[in-house]
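Notes for the one structure printed next.
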Amino acid sequence: MNKALANMPATIQIDGSQGEGGGQILRTALALSMITGQPFELINIRAGRKKPGLMRQHLVCVQASQNISQAYVEGAELHSQRLYFAPQQVQSGKYQFQIGSAGSTTLVLQTLLPALLLQNQASELTISGGTHNPLAPTADFIEQCFLPVLKKLGIEAEFKLNKAGFFPIGAGEIHIKIQPWQHRNRLSLLDHGALQSIGAFAAVLNLSEEAQIAQRELATLNKRLKLNIQQQFRLNGISQGNTVYVKVEYQLHIQLFTALGEMRKSAEQIANHVAEQVKQYIASQAAVDEYLADQLLLPLALGQGGEFTAQCISEHTRTQATMIEKFIDCEIEFIELDKTLFQVTVKVKEAHS
């Protein structure tokens, strides 16, 4: 072991099979390791999955993190179930990362964003791969739901979808410019305020127009929800796919619900599924949905903390909270107020200046 490594802070040990046991544990560990400078060793990576170990898109998260933090890494290869990661100094700058498949660009973005926010200089990222993936936030969700909430915390980022990428081809591209996080605001989002509008948006890419997929999705959503806006939007790219989202705009919060077209599902089935999610959300009185709840924990823990109400607390979110508490001195509490209403509080021990 060389001298530089001998002086490293103690390594945080993480069992990747705990809790929800997916790639989220890896991405959160990478983000927190780069921010705190603490190395980690992750074992049993994605042990609960059909194909355990590091997949292509997880590897890109590791390589991208290694690149921006000059990390010393062991075990960064396909299907590896153990990873050691010791970051040095995170460098702001202009970076380009290619996943080389339809792997999610937005998950790579969410791995790198927290560390780059905390630098003194702006950074730019261009990430190529999938932009509309079934098991990840879509580019639309990032741009119109996630980043607007971060703006309330004082985080400034400009996001652009250059090309859409659907499974299996991918070949999409996102570009983001991240400003240093100067004014850290506390978030209090216990109530979403009055409903302003409900809009539905649908797009197809390189699919036959004869099927009228987007029109049928919008018509179904209009039947199920009282829409103020319905709009087809354009995408460019070389892959094929369909995406639809509903934007529920409240006075204090904008929530997005997205779905992707699937081979054996009709446009009506896809739209009905989204409509159901929207109806449940509106009925719950919660400010944020299950997915955003999960994504807000880390920014709150890095800032001044805060609280919000959520529709439900998934295993994913609880695993995320456990991971954050391993690296950062903070306390994350979940209180059940009702069957579909939880209060999430993030208390930061030492409020970061």
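The values are calculated or read from the model by the stated rules, or taken from the named source; none is laboratory data. This one's a predicted model, so the numbers in the text were calculated from it and none came from an experiment. Cβ placement follows ideal geometry from the backbone for every residue including glycine, while neighbour counts extend to all protein chains displayed. Just so you know, the surface numbers come from the protein's heavy atoms only, side chains and all, with ligands and any DNA or RNA stripped out. Shrake-Rupley method; radii C 1.70, N 1.55, O 1.52, S 1.80 Å.
General remarks:
- Under the criterion of Cα pairs below 8 Å and six or more residues apart, the relative contact order for the chain equals 13 percent.
- Order of exposure, largest accessible area first, which applies to Tyr72, Tyr281, Tyr84 with probe 1.4 Å: Tyr72, Tyr84, Tyr281
- Accessible-area value, Glu331, 1.4 Å probe, nucleic acids and ligands omitted, Å²: 70
- Compared with the dominant Cα axis of the chain, that is its longest principal axis, helix 105-117 is turned about 50°.
- Difference of contour (0.36 nm per residue) and Cα-Cα distance, Glu209 to Asp15: 65.0 nm
- Cα shape, region 30-117, gyration tensor, a/c 1.5 rule: oblate
- Only Lys, Arg (+1) and Asp, Glu (-1) charged, at Cβ; region 280-337 dipole about Cα centre in debye: 100
- Residues in region 28-46 that a label on Thr322 would reach, taking backbone N under 17 Å of a point 7 Å out along Cα→Cβ: 28-30, 41-46
- With the simple spin-label model, which puts each label point 7 Å out from Cα in the Cβ direction, the Leu227 to Lys347 separation comes to 4.6 nm.
- Rounded to the nearest 10 Å², the accessible area of Glu325 at probe 1.4 Å: 80
- For region 260-326, the set of trypsin sites (Lys or Arg not before Pro) satisfying both a DSSP loop assignment and a count of at most 11 other C-beta atoms within 10 Å is given as Arg264.
- For region 123-169 versus region 259-282, the inter-centroid distance based on Cα atoms is 21 Å.
- Take the Cα of Arg186, step 7 Å toward its Cβ, do the same at Glu333, and the gap between the two points is 1.3 nm.
- Within the accessible area of the chain (1.4 Å probe), percent carbon and sulfur: 47
- For the chain: accessible area per residue (Å², 1.4 Å): 45
- The residues packed around Ser239, meaning those with a beta-carbon under 14 Å from its beta-carbon, carry a net charge of 0 if Lys and Arg are +1 and Asp and Glu are -1.
- Loop-located trypsin sites (Lys or Arg not before Pro) in region 37-138 whose Cβ has at most 15 other Cβ within 10 Å (DSSP): Arg49, Lys50, Arg82
- Charge dipole (debye, nearest 20) of the chain; +1 at Cβ of Lys and Arg, -1 at Cβ of Asp and Glu: 460
- Calculated mean residue ellipticity at 222 nm for the chain: -9500 deg cm²/dmol, from DSSP H runs with n ≥ 4 weighted as -39500 (n - 2.57), summed, divided by the residue count and rounded to 500.
- The long axis of helix 23-36 is offset from the longest Cα principal axis of the chain by roughly 50 degrees.
- For region 44-177: rounded, prolate or oblate by the Cα gyration tensor [a/c cutoff 1.5]: oblate
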